[in-house]
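Student: Take a look at the following structure, please.
The values are calculated or read from the model by the stated rules, or taken from the named source; none is laboratory data. Model, not experiment: these values are computed from the prediction. Cβ placement follows ideal geometry from the backbone for every residue including glycine, while neighbour counts extend to all protein chains displayed.
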Amino acid sequence: ETGVTQTPRHLVMGMTNKKSLKCEQHLGHNAMYWYKQSAKKPLELMFVYNFKEQTENNSVPSRFSPECPNSSHLFLHLHTLQPEDSALYLCASSQRASGEQWSEQYFGPGTRLTVT
Amino acid sequence: AQKVTQAQTEISVVEKEDVTLDCVYETRDTTYYLFWYKQPPSGELVFLIRRNSFDEQNEISGRYSWNFQKSTSSFNFTITASQVVDSAVYFCALNSNYQLIWGAGTKLIIKP
């Protein structure tokens, strides 16, 4: 595997279900990100992990719960979602050097989530 | 306030035409970075270029070129001799103060 992988690629879930999205990066990066991409809206940053520590949480509802067990893996746990949460969820990684602002991010193919 | 504007929602051209995608940004910071990404129909965002605010040199990479003009706060992207495979949504983004601000994207359609 190379780059950033995400599973599953497609997910349909009911509002009462619990599911998890998985992201894995094979680039040796130290930062990982979750984004939400809805139709006709700018990309929304949800969470940032830098060296496994969460450094950003952009007012994301608690029904989204991230987990970063190590610098290569990132999860997004989902529970009691709403239909408006249907979107493409993108994972990204980057190498953040000390004192440097964000370097370029490398993205996975995304998980297309539909909440029914 | 930090903001990225991609005023062109959708552009459609015939193959082999040149096309320019506009990006205008707003920031009060003196140090910042600008990015372009491509999102083909498969969904994966592909990094194209990063430019820092101190480097105003234009850049060319094959059929792609970027024109960074600090005076007009613009970072435009030109594809020369477009090809059908260039069809995608293109995003411009601004990194400033540890936040990455994304434009809404421009959908580029290249017709054969």
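Student: Looking only at region B:4-30, which residues are within 17 Å of B:SER71 (Cβ to Cβ) and part of a loop (DSSP other than H, G, I, E, B)?
Tutor: B:ASP22, B:CYS23, B:THR27, B:ARG28, B:ASP29, B:THR30
Student: As an exercise: evaluate B:SER61 against (1) over 22 Å from A:VAL48 (Cβ atoms); (2) at pLDDT 95 or above and give the number of the one condition it does not meet.
Tutor: (2)
Student: From the set of residues in region B:20-49 that are under 29 Å from A:ALA87 (Cβ atoms) and surrounded by fewer than 16 Cβ atoms within 10 Å (Cβ to Cβ), which is farthest from the other protein chains (Cβ to nearest Cβ)?
Tutor: B:GLU26
Student: Which of the following residues is exposed (fewer than 15 other Cβ atoms within 10 Å of the Cβ), within 14 Å of chain B (Cβ to nearest Cβ) and not small (Gly, Ala, Ser): A:ASN70, A:ASN57?
Tutor: A:ASN57
Student: Being under 12 Å from A:SER72 (Cβ atoms) and assigned to a strand (DSSP E or B) is the filter here; which residues of region A:22-37 pass it?
Tutor: So the first thing to find is which residues in region A:22-37 are under 12 Å from A:SER72 (Cβ atoms), and the list is A:22-32.
Result: A:LYS22, A:CYS23, A:GLU24, A:GLN25, A:ALA31, A:MET32.
Student: Given the criterion more than 22 Å from A:LYS18 (Cα to Cα), modelled with pLDDT under 95 and within 13 Å of the chain's Cα centre (by Cα), identify the matching residue among A:GLN105, A:GLN95.
Tutor: A:GLN105
Student: Answer yes if at least one residue in region A:7-18 is under 12 Å from the mean Cα position of the chain (by Cα) and of a type in the set (A, V, I, L, M, F, W, C), and no otherwise.
Tutor: Looking for residues that are under 12 Å from the mean Cα position of the chain (by Cα) and of a type in the set (A, V, I, L, M, F, W, C), one finds none in region A:7-18, hence no.
Student: A follow-up question, please. So is B:PHE75 touching a Cys at 6+ places or on another chain (Cβ under 6 Å), hydrophobic (A, V, I, L, M, F, W, C), more than 14 Å from chain A (Cβ to nearest Cβ) and surrounded by 15 or more Cβ atoms within 10 Å (Cβ to Cβ) or not?
Tutor: So B:PHE75 passes the test.
Student: Right, next: Filter region B:1-39 down to residues that are free of Cβ contacts under 8 Å to residues at least 24 places away in the same chain and aliphatic (A, V, I, L, M), then give me how many there are.
Tutor: 1
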